[in-house]
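Enquirer: My questions will all concern the structure given below.
Please treat every number below as a calculation from the coordinates, not as lab data. Note that the coordinates shown come from a computational prediction; the quantities given were computed from them, not determined experimentally. Cβ coordinates were reconstructed from backbone atoms using ideal geometry, including for glycine residues, and neighbour counts include every protein chain displayed.
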Amino acid sequence: MTTKAKRTTIQLGDRILDGFMLPDGSYRLSQTQAAEMVGKGEQNTRDFLRSKALKSLLGGDQIPVKIERITVDTEGSYRGNPNINALPLNVVSVYWLYQAIRGNKQAVPLCVALMTESLERRFDEAFGIERSESERNQRLQSQLNEMWTVLQDVGEGLALDDEIRRERDYLLEEFKRIGHDPYAPPT
């Protein structure tokens with residue numbers, strides 16, 4: 001069963017995303033665009049939804065998340081497939097955070113910039129500062145650019161450490177699988 005959704009465009013730095021609103025007022029982003037924002041293919045989002053990582057990051061009591069099939073209300077000029085595989089925003093956020101934790105060089109700046117913007121909005125409200133959405137997008141893009149520059153310098157080290165850990169964990173599991181204790185003294 002599909003749900004009808006309204007579509008609009010959302011600016012995120014210099015990227016334009018399709019945003020969807022369901023009849024209950026909740027928002028969705030397509031699984032494809034969620035993956036593209038961090039340099040991945042849509043299969044990566046499907047794999048993530050089946051992973052233990054999602055359940056642990058959302059909290060074990062959460063209902064399993066499934067990709068939701070929505071149909072775009074095509075009033076006006078909409079190009080493309082009106083049927084979208086969509087994800088709730090909290091799942092998109094956890095997916096991007098998971099990618100950042102794994103050292104994804106596109107996800108780290110995205111997460112930092114979005115968290116900073118969220119905090120700045122609260123501080124602006126508390127101090128009575130008004131900013132236009134255009135100014136917020138410029139600030140967001142500036143932060144993304146700054147973070148990408150920094151990560152180009154240190155990012156290789158982050159990714160290398162993660163890769164070494166993954167290889168170590170894999171080899172330990174292989175040793176255990178064949179019945180060898182890798183920490184036992186040699187015989």
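Enquirer: At R0 = 22 Å, how high is the FRET efficiency between Met115 and Thr8 if r is their beta carbon distance? Nearest 0.05 is fine.
Expert: 0.40
Enquirer: Right, something else. Tell me, what does the Kirkwood hydrodynamic radius of segment 103-179 come to in angstroms if you use every pair of distinct C-alpha atoms? Provide the component values of the computation, followed by the final result.
Expert: Numbers: mean 1/r = 0.0660 Å⁻¹.
Taking every pair of different Cα atoms in segment 103-179, averaging 1/r and inverting gives 15.2 Å.
Enquirer: Let me ask something else about it. Taking 21 Å as the cut-off for C-alpha to C-alpha distance, list the pairs among Lys40/Lys105; Lys105/Lys176; Lys40/Lys66 that go past it.
Expert: The answer is Lys105/Lys176.
Enquirer: A follow-up question, please. Sort the following peptides by mean Cβ neighbour count (other Cβ atoms within 10 Å, averaged over residues), highest first: 99-111, 115-127, 45-57, 14-26.
Expert: 99-111, 45-57, 14-26, 115-127
Enquirer: Given 10 Å bins starting at zero, what is the percent of C-alpha pairs of the chain in each, up to the one with the largest pair distance?
Expert: For the chain, the binned pair fractions read 8, 27, 31, 21, 8, 4, 1, 0 percent.
Enquirer: What does the convex hull of the Cα atoms come to per residue for segment 9-71, in Å³?
Expert: Enclosed volume per residue, from the Cα hull, is 115 Å³.
Enquirer: Please order Ile178, Ile10, Ile129 by the number of other Cβ within 10 Å, starting at the fewest.
Expert: Working: Ile178 7, Ile10 13, Ile129 10.
Sorted ascending by nearby Cβ count, the order is Ile178, Ile129, Ile10.
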